[in-house]
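J.: Structure in structure tokens, see below.
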Amino acid sequence: MYQATGGNMLRLTHFSTSNGPNVHVLLIAAEDAKDDENFLTEKVDRIDLGPLKGNDGDQNYVLPAGIDLATYKAVAFFCERFNANFGTVPLEK
């Protein structure tokens, strides 16, 4: 589950992904970030919530104050080193 809770926290529960270097958690203003396109060059609005805390288990990420969650549709896990998307899931509010 990927959920914005209380307007200030993104909670990942039962989370699991591949391990990789320099993976970041991004909120994106798109339904999906396809693996075959670099959504970062497509000028898709995004907020970087920082490095992935681990590739397995529950995690929390603080959301910046004042963001409009209606703008952001998905959470992407992006490896900056290899310019690769590790996965994208819909944002549940």
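The values are calculated or read from the model by the stated rules, or taken from the named source; none is laboratory data. These figures come from a predicted structure and were not determined experimentally. Cβ coordinates were reconstructed from backbone atoms using ideal geometry, including for glycine residues, and neighbour counts include every protein chain displayed. Protein only, heavy atoms only, side chains kept; ligands, DNA and RNA dropped before computing areas. Shrake-Rupley method; radii C 1.70, N 1.55, O 1.52, S 1.80 Å.
J.: Give me the residue from region 69-81 that is out of contact with any His (no Cβ under 9 Å at 6 or more places or on another chain) and modelled with pLDDT of 85 or more and, out of that set, nearest to Leu26 (Cα to Cα).
T.: Applying the filter and picking the extreme gives Val75.
J.: Still on this structure: Do the conditions hold for Phe82, that is, is it in a loop (DSSP other than H, G, I, E, B) and open to solvent by 60 Å² or more (accessible area, probe 1.4 Å)?
T.: Spelling it out, Phe82 is indeed in a loop (DSSP other than H, G, I, E, B) and open to solvent by 60 Å² or more (accessible area, probe 1.4 Å).
J.: When you scan region 47-61, do you find a residue that is at pLDDT below 90 and charged (D, E, K, R), even just one?
T.: no
J.: Residue check, Asp32 against (1) under 12 Å from the mean Cα position of the chain (by Cα); (2) open to solvent by less than 20 Å² (accessible area, probe 1.4 Å); (3) modelled with pLDDT under 85, all met but one. Which one?
T.: Looking at each condition in turn, Asp32 falls short on (2).
J.: Within region 50-79, how many residues turn out to be surrounded by 17 or more Cβ atoms within 10 Å (Cβ to Cβ) and free of Cβ contacts under 8 Å to residues at least 40 places away in the same chain?
T.: So the count comes out to 1.
J.: Show the residue pairs that are 6+ apart or on different chains and have beta-carbon atoms under 7 Å apart, the first residue being within region 1-24 and at pLDDT 80 or above, the second being among the basic types (Lys, Arg) and exposed (fewer than 11 other Cβ atoms within 10 Å of the Cβ).
T.: Partner pairs satisfying both residue conditions: Pro21/Arg81; Asn22/Arg81.
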